[in-house]
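The structure appears right after this line, and notes come after that.
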Amino acid sequence: MTSYSGDATAREIAAPEATQVQVDEPFAKPVLLSYPMLPMEATMASSEVELDAASPFGEAVRRMPDGRLLVNMAKVRRIYQLTAPDERKEKDRGTCGRLHSEFVPEQSDYEDDRYE
Amino acid sequence: MTATNSVGSETVELPPRLYLDTQFCFAYIVESDRDHEHAAEFALVLKQLAATKLITCYFSVLAVDELAWKLGGFIYDRDNGQASWHALRPTEKTAGFLSVKTEVADCISSFMDEPWISVLRVSDAAYARICTFMRAHDLRPADLCHLTLAHAADAGLLSNDGDFRRLASSPVEIVNY
């Protein structure tokens, strides 16, 4: 296995060599899998970390190393419209809004005396 | 600490913990509120993030109190005409609230039952910090408490309240929606 030190060259990071891993179970005979081993420096250099790509929502959200989240709102909207129509219907029915009145609250409440 | 604003942005950056201010909760619950659409859409995202444990959204007893009065006033006006609530004398407001309390309770309990909402538990140290923040920031007492609670949770404060937006050198991140 290749080890990557802190002074790994750009070429090494850009083109990591393939590493073979031998897997004995659960297969009856040994199977060789091949996949690139990314150097730690390359991983840490990225400011974003991919979430589970298998999840539809994972396409729209990235988690940064400090735990903060980057959310692509346009993708979220598309995901909801494509894969969760019931959720959209619920929203349209007002599941999010518990009070369905057309009556509009006084806007001054926010700034002046919203709480008695 | 900088403010985060999602309105009009394609990509929103969020802290892993959010404290839900009363202003957001009211806008989420009341469909005719001017910020309802934004709040409802934002909540769709928060629900998914919370379901995958990427984010925690905190609700506090202080928000319950404020939300109850705010919803009470709104429902009272709806049933009795615009500005009826403000026309009540202070001594009449309790009776006014009691006349609508069941609907208020239904709204708040439904909101609190949603799985993406977590109740915030507060340490002794957080209470001690309230007066420190009171000296340092020009906010009303309730808003100071919200700020302290968000700080205690190491969370951003989710609100479109102008008082928070205008706050200079906020100790917590103010997240607009």
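No value in this document is a laboratory result; all are computed from the given coordinates. It should be emphasised that the depicted structure is a prediction, and the values quoted were computed from it without experimental measurement. Cβ atoms come from the backbone with ideal geometry, glycine included; neighbour counts cover every protein chain shown.
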Additional length obtainable on full extension of the chain from B:SER109 to B:ASN80, 0.36 nm per residue less Cα span: 8.0 nm
Nitroxide proxy distance, nm - points 7 Å out along Cα→Cβ at A:ALA74 and B:THR102: 4.9 nm
Label point distance in nm, B:VAL122-B:ALA51, each placed 7 Å from Cα along Cα→Cβ: 3.2 nm
Cα-based Lys proximity count in the stretch B:16-175, under 26 Å, for pairs eight or more positions apart or on separate chains: 4
More than 14 angstrom apart: percent of Cα pairs within the stretch B:18-59: 46 percent
Cleavage-rule hits, GluC sites (Glu not before Pro), the stretch B:1-110, DSSP coil, Cβ neighbours within 10 Å at most 12: B:GLU10
